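Participant: Starting off with a structure, shown below.
The values are calculated or read from the model by the stated rules, or taken from the named source; none is laboratory data. Keep in mind that what you see is a predicted model, and the values were worked out from it rather than measured. Ideal geometry is used to build each Cβ from the backbone, glycine not excepted, and the neighbour counts take in all protein chains shown. Ligands, DNA and RNA are stripped out before the accessible areas are found, and what is left, the full protein with its side chains, is counted by its heavy atoms. Shrake-Rupley method; radii C 1.70, N 1.55, O 1.52, S 1.80 Å.
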Amino acid sequence: MNEGQKNGASWLLSEKIELLTPNISNMSAIALYFISEKETSKQKYVVELVLKILDDTQEIARVNLMLLSEVTWCA
C-alpha cells in the first residue's frame, strides 16, 4: 500500500460480509483487491475494495468495503 493510503484519512461508508462456507476452521491467506474509485465534486474519492479470506483450497469469506478517501487509490 502506498504511504498516502496508509496515513490519509478514509471513512468507512459501508461494509458487507459474506460467509461463503459454513465452517471456517483454517484461514491461510487474506487478499485485498482494489475494485474501483470515483472522484466526488469536492476532491474526495469513493473507493470500493474487496477483502478475501482464504483457506488452503477455497475462498471462505468476502468483505466488500466502500470508503470515502482524501487521497486517490488509482496510483
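Participant: Here is a list of conditions, (1) among the polar types (S, T, N, Q); (2) at pLDDT below 90; (3) loosely packed, with under 14 Cβ neighbours inside 10 Å; (4) at negative phi, and residue 36 meets all of them except one; can you say which number that is?
Facilitator: (2)
Participant: May I ask you to list pairs of residues, at least six apart or on different chains, whose Cβ atoms are under 8 Å apart, with the first in segment 17-39 being closer than 13 Å to residue 52 by Cβ and the second being open to solvent by 100 Å² or more (accessible area, probe 1.4 Å)?
Facilitator: Every condition considered, the pairs that remain are 28/56.
Participant: Same structure again: Kindly check whether there is at least one residue in segment 51-59 that is modelled with pLDDT of 90 or more, under 10 Å from the mean Cα position of the chain (by Cα) and of a type in the set (Lys, Arg).
Facilitator: yes
Participant: Working only within segment 41-75, note down all residues that are open to solvent by less than 70 Å² (accessible area, probe 1.4 Å) and without any contact (Cβ under 8 Å) to a residue 12 or more places away in the chain.
Facilitator: Selection gives nothing.
Participant: Let me ask something additional. With (1) open to solvent by less than 60 Å² (accessible area, probe 1.4 Å); (2) under 12 Å from the mean Cα position of the chain (by Cα); (3) modelled with pLDDT of 80 or more as the list, and residue 12 as the residue in question, which single condition is left unmet?
Facilitator: Residue 12 satisfies every listed condition except (1).
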